[in-house]
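Undergrad: Following this message is one structure expressed as structure tokens.
The values are calculated or read from the model by the stated rules, or taken from the named source; none is laboratory data. Note that the coordinates shown come from a computational prediction; the quantities given were computed from them, not determined experimentally. Reconstructed Cβ throughout: ideal geometry from the backbone, glycine too, with neighbour counts over all protein chains shown.
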Amino acid sequence: MTSREEFERAGRRGTGLQSAMPTAIAAWYDRRLGRVVIRLNSGLDVAFSPRDAEGLEKVTPAQLREIEISPSGFGIYFPRLDVDIYLPALLQGFLGSRAWMAARLGAIGGKSRSAAKLSAARRNGKLGGRPKMIRNRGDDRRGEKLLPQKRRGRKERQKI
């Protein structure tokens, strides 16, 4: 259980945050722009694409029609999806949890088409592609370890 003192301390922290950070006073989905727009008490409008926010990646415009603002003004809630977005994190550029953001960055990096990556793929292809995985004989089926097979050079392949 929380004590009365902890409750009062949390209230003071929230009051301090409200005076230092802008809060949401209105929020809506703009179909023309394809963005969720949040109006702040500072007069600024902040907009983001739903596909860039965790929990909103694959939603339809109809699901974004209803948006609620928390009493503190720090939370944006999408009741049809049961998704919350924390405004202070959004204003810092965080559109999801650390794990979700890392996965998104990893997916973007994997799609890279740099000259170095293309060159490495060509070299790998000339060697016969990705090496096949072989089973280690001493391992049982459940905890087996797969090891990359040793690549044979061009001369060794011709002898076979």
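Undergrad: Which of the residues belonging to region 39-83 are of a type in the set (S, T, Y) and either surrounded by 13 or more Cβ atoms within 10 Å (Cβ to Cβ) or touching a residue at least 12 places away in the same chain (Cβ under 8 Å) (or both)?
TA: Listed by number, the residues that qualify are S42, S49, S70, S72, Y77.
Undergrad: For the list (1) at pLDDT 90 or above; (2) more than 24 Å from the chain's Cα centre (by Cα); (3) farther than 21 Å from A89 by Cβ; (4) not hydrophobic (A, V, I, L, M, F, W, C), I need the number of the one condition that R9 fails.
TA: With (1) at pLDDT 90 or above; (2) more than 24 Å from the chain's Cα centre (by Cα); (3) farther than 21 Å from A89 by Cβ; (4) not hydrophobic (A, V, I, L, M, F, W, C) applied to R9, the lone miss is (1).
Undergrad: How many residues, within region 34-47, are farther than 17 Å from T23 by Cβ and assigned to a strand (DSSP E or B)?
TA: 1
Undergrad: Considering region 57-87 alone, what residues qualify as being within 17 Å of the chain's Cα centre (by Cα) and within 22 Å of M21 (Cβ to Cβ)?
TA: Matches in region 57-87: V83, D84, I85, Y86, L87.
Undergrad: Is it fair to say A62 is at pLDDT 90 or above and assigned to a helix (DSSP H, G or I)?
TA: In short, yes.
Undergrad: Got at least one residue in region 16-31 being of a type outside the set (A, V, I, L, M, F, W, C) and touching a residue at least 60 places away in the same chain (Cβ under 8 Å)?
TA: So far as region 16-31 goes, yes, one or more of its residues are of a type outside the set (A, V, I, L, M, F, W, C) and touching a residue at least 60 places away in the same chain (Cβ under 8 Å).
Undergrad: Over 17 Å from Q92 (Cβ atoms), surrounded by fewer than 14 Cβ atoms within 10 Å (Cβ to Cβ) and touching a helix residue (DSSP H, G or I) at 6+ places or on another chain (Cβ under 9 Å): is that true of R31 in this structure?
TA: So R31 passes the test.
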